[in-house]
Amino acid sequence: MRNTKQLIDIIGKFKDLKRQGWVDKGVINPESDAEHSFSLALLAMLLAPDELNKQKCLELALIHDLSEIYAGDHTPREDISLQEKLQKEHAGMKQIANELGQSGWLELFDEYNNKTTKESIFINALDKLDNVITAAYYDKNKRSSQKLTLEFGKYANVKINELGNNELLDEIKEILQEISQANLVTD
């Protein structure tokens with residue numbers, strides 16, 4: 001596995017890479033990709049139902065955005081097609097997997113993006129929920145001059161519904177609804 005210089009570089013860059021959506025919204029001290037991936041892994045530990053392979057969920061959560069070190073963090077609002085974004089990210093993950101000698105990471109990354117397993121569908125939905133949780137936290141703590149929860153909640157709802165209607169996603173949808181309906185972001 002080990003190329004220590006590459007490992008230091010990749011982990012450092014992952015911690016430094018601020019999430020573009022929050023930067024675009026003017027959030028004060030926005031989270032990094034590494035912070036988001038940790039938060040997503042924590043949600044997976046808390047919410048993954050017994051029918052899922054929890055280790056696979058954690059692995060998917062921890063690497064799902066790692067490729068952005070080389071590909072960049074592109075938001076849906078940018079002038080880049082989804083296909084081009086996915087190609088850049090696939091190439092970035094291939095580079096990281098090669099540098100760290102982790103060929104299985106590319107398969108995990110593709111599984112996440114292609115949503116080919118229950119685990120990858122679940123983590124995709126949690127990824128959207130994590131954005132809403134973060135938006136609610138930023139709103140509550142006045143880290144942006146604009147309200148973020150409603151906008152990110154609507155987007156998450158659409159994306160989670162696109163993943164399907166099944167018991168696997170029900171709890172995620174309930175939490176999203178609770179955040180959207182409750183006044184969780186005011187003092």
Residue check, Ser103 touching a strand residue (DSSP E or B) at 6+ places or on another chain (Cβ under 8 Å) and among the polar types (S, T, N, Q): no
Some residue of segment 94-106 being assigned to a helix (DSSP H, G or I), within 23 Å of Val23 (Cβ to Cβ) and touching a Leu at 6+ places or on another chain (Cβ under 9 Å): yes
Test: residue in segment 120-135 that is over 15 Å from Gly21 (Cα atoms) and touching an Asp or Glu at 6+ places or on another chain (Cβ under 7 Å): yes
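So that you can scan it fast, the table gives a plain yes or no per residue for (1) closer than 20 Å to Phe38 by Cα; (2) touching a residue at least 40 places away in the same chain (Cβ under 8 Å); (3) of a type in the set (Phe, Trp, Tyr); (4) touching a strand residue (DSSP E or B) at 6+ places or on another chain (Cβ under 9 Å):
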residue: Pro49; (1), (2), (3), (4): yes, yes, no, no
residue: Lys54; (1), (2), (3), (4): yes, no, no, no
residue: Tyr70; (1), (2), (3), (4): yes, no, yes, no
residue: Glu89; (1), (2), (3), (4): yes, no, no, no
residue: Tyr112; (1), (2), (3), (4): yes, yes, yes, no
residue: Leu126; (1), (2), (3), (4): yes, yes, no, no
residue: Asp139; (1), (2), (3), (4): no, yes, no, no
The listed residue being modelled with pLDDT under 95, within 13 Å of the chain's Cα centre (by Cα) and of a type outside the set (Gly, Ala, Ser), out of Lys128, Lys173, Lys159: Lys159
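The values are calculated or read from the model by the stated rules, or taken from the named source; none is laboratory data. Bear in mind the structure is a predicted one, so any value in this text is a computation, not a measurement. We place every Cβ from the backbone using ideal geometry, glycine too, and count neighbours over all the protein chains shown.
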